[in-house]
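S.K.: Please read through the structure below; I'll follow up with questions.
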Amino acid sequence: MRAAIIHGPYDIRVEDVPDARLSEPGDAVVQVLRSCVCGTDLWAYRGESPRQPGQRLGHEFLGTVSDIGPDVTSIRPGDLVLAPFAWSDGHCAPCTDGLPTSCVNGGLWGAVGADGGQGEAVRVPYADATLVRLPSHAASDDRLLNALLALSDVMGTGYHAAVSADVRPGTAVAVIGDGAVGLCAVLAARMLGADRIIALGHHPARLDLARSFGATAVVARRGEAAIAAIRELTDGHGTHATIEAVGTRESMHTALRATRPGGAIGWVGAPHGNTDALDPMTLFLHNITLRGGLAPTRRYIDDLLPHVLDGTLDPSPVFDTSAPLESILTAYQAMDARTALKPLITPGS
């Protein structure tokens, strides 16, 4: 089969690799219909996070089941299924506590020795606990397929941020970051009943999308100017809930200063360069709660899926460009150059 392989910074190739096949009784093999490029994939592309030459890429996908192991009971060959960005066994202590991303037997697609979502097929461990069966009619609906794919990571992560920040009806919310996760957090904040949603970013097209997703105001400033703008929009108080969806020192500083006393920060921006950004004294003095982390997206799929299927939640517009698997390098280049928000990857050439 064909799959995207990284050989070094800026060196991604689509090559022949061994076919995905069953290894354990609880495995399934999924033929990929949709995958995509994530912002965290860019770290490997740029050489900012280590990868071994020859390692697979991609952690978001949906597709059709082609084979199952003898212990698999919840799906059958031919079923359309969605995979969260991590596999999990569904029965260990972290899984039963609602944290499948901390599963003691779990793992991430594209890890050393694992298939990646940016390929023609994927071996899925613990298929019963990991995969979510989708209605068959979705396979012929491109918009719906794209909206469902977002549940694999970015929509679930945006929702995790909003839940972690305790977004509730009547609250004022700031969303720091106009990437796909930040935009999905705007959707989540609207879904949870926020009264005011302030989106922070620097790309006019993305801020326009934030407005269409439910943002009541946008701020295209940085640093102290951004903090001042948020304060002005909240009558000087700051936000009840702040979502940090970037992961830099500056974005965390903005989140801390924008949140009102007694408020909460939902932190889902994977940290890069902000290990010293947290100010414990600010948290302490103003009773600000900090929650979040690696989003347990499998936990949220069951909650979000009905809303996607009935059309009341549609994150599909975050996919603003597409490329076939054989041309995936162009998708990475476009996302790296900020000319694409989140490229969709489809099979073939």
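The values are calculated or read from the model by the stated rules, or taken from the named source; none is laboratory data. Computed from a prediction, not measured in an experiment: that's the story for all the values here. A quick note on method: Cβ atoms are made from the backbone with ideal geometry, for glycine too, and the neighbour counts reach across all protein chains shown. Each accessible area value is taken on the protein alone, full model and side chains, heavy atoms only, with ligands, DNA and RNA left out. Shrake-Rupley method; radii C 1.70, N 1.55, O 1.52, S 1.80 Å.
S.K.: Given 4 °C and 1.567 mPa s, compute D for segment 83-222 with the Stokes-Einstein relation, Rh being the Kirkwood radius over Cα pairs; round to the nearest whole µm²/s.
M.R.: Value of D from the Cα-based Kirkwood radius: 77 µm²/s.
S.K.: Then there is this: Using a 1.4 angstrom probe on heavy atoms only, work out the carbon and sulfur share of the accessible area of the chain in %.
M.R.: 51
S.K.: Any idea of the accessible area per residue across the chain, 1.4 Å probe, to the nearest Å²?
M.R.: On a per-residue basis, the chain sits at 40 Å².
S.K.: Under a 10 Å cutoff between Cα atoms, tell me which one of Ala161, Ala220, Ala28 has the largest fluctuation in the Gaussian network model of the chain.
M.R.: Comparing Ala161, Ala220, Ala28 in a Gaussian network model of the chain, the most mobile one is Ala220.
S.K.: Report the charge-dipole magnitude of segment 195-311 in Debye, nearest 20, computed about the Cα centre from +1 at each Lys and Arg Cβ and -1 at each Asp and Glu Cβ.
M.R.: Result for segment 195-311 is approximately 120 debye, rounded to the nearest 20.
S.K.: The chain: D in µm²/s via Stokes-Einstein (Kirkwood Rh, Cα pairs, 20 °C, 1.002 mPa s)?
M.R.: Calculated translational D: 105 µm²/s.
S.K.: Also, quick follow-up: With the contact rule set at Cα under 8 Å and sequence spacing of 6 or more, what percent relative contact order holds for segment 6-129?
M.R.: Reported relative contact order: 32 percent.
S.K.: Once you've got the GNM for the chain with C-alpha springs shorter than 10 Å, pick whichever of Trp43, Trp87, Trp109 has the biggest mean-square fluctuation.
M.R.: Residue with maximal mean-square fluctuation among Trp43, Trp87, Trp109: Trp43.
S.K.: Next question, about the same structure. Find out how many positive minus negative residues lie around Asn146, taking Lys and Arg as positive, Asp and Glu as negative, among other residues whose Cβ is under 15 Å from that of Asn146.
M.R.: -3
S.K.: First check a/c for segment 163-276, with a ≥ b ≥ c the square roots of the eigenvalues of its C-alpha gyration tensor; if it is under 1.5, answer rounded, and if not, answer prolate when a/b is larger than b/c or oblate otherwise.
M.R.: Cα axes put segment 163-276 in the rounded bin.
S.K.: Inverting the mean 1/r over all pairs of different Cα atoms, compute the Kirkwood radius of segment 239-349 and quote it in Å.
M.R.: 16.7
S.K.: Kindly give Rg over Rh for segment 1-125, based on alpha-carbon atoms, with the Kirkwood expression for the hydrodynamic radius.
M.R.: Taking Rg over the Kirkwood Rh, I get 0.97.
S.K.: What order do Ser349, Ser66, Ser212 take when sorted by accessible area (1.4 Å probe), most exposed first? Numbers along the way, then the final one.
M.R.: Numbers: Ser349 125, Ser66 55, Ser212 75 Å².
Ranked from most to least accessible, the order is Ser349, Ser212, Ser66.
S.K.: With Cβ to Cβ distances under 9 Å as the rule, what net charge do the other residues near His237 carry (K, R +1; D, E -1)?
M.R.: It works out to a net charge of +1.
S.K.: Cβ under 15 Å from Gly311's Cβ, Gly311 left aside: what net charge do those residues give with Lys, Arg +1 and Asp, Glu -1?
M.R.: Value of the local net charge: -2.
S.K.: Between Ser140 and Ser49, what is the label-to-label distance in nm when each label sits 7 Å out along the Cα-to-Cβ direction?
M.R.: 3.8
S.K.: A further question on this structure: First check a/c for segment 10-82, with a ≥ b ≥ c the square roots of the eigenvalues of its C-alpha gyration tensor; if it is under 1.5, answer rounded, and if not, answer prolate when a/b is larger than b/c or oblate otherwise.
M.R.: prolate
S.K.: How big is the accessible area of Met191 in square angstrom, nearest 10, if you roll a 1.4 angstrom probe over the protein chains?
M.R.: Around 70 Å² of this residue is reachable by solvent.
S.K.: Working with all protein chains in place, sort His59, His272 by solvent-accessible area computed with a 1.4 Å probe, largest first.
M.R.: Final ranking, largest accessible area leading: His272, His59.
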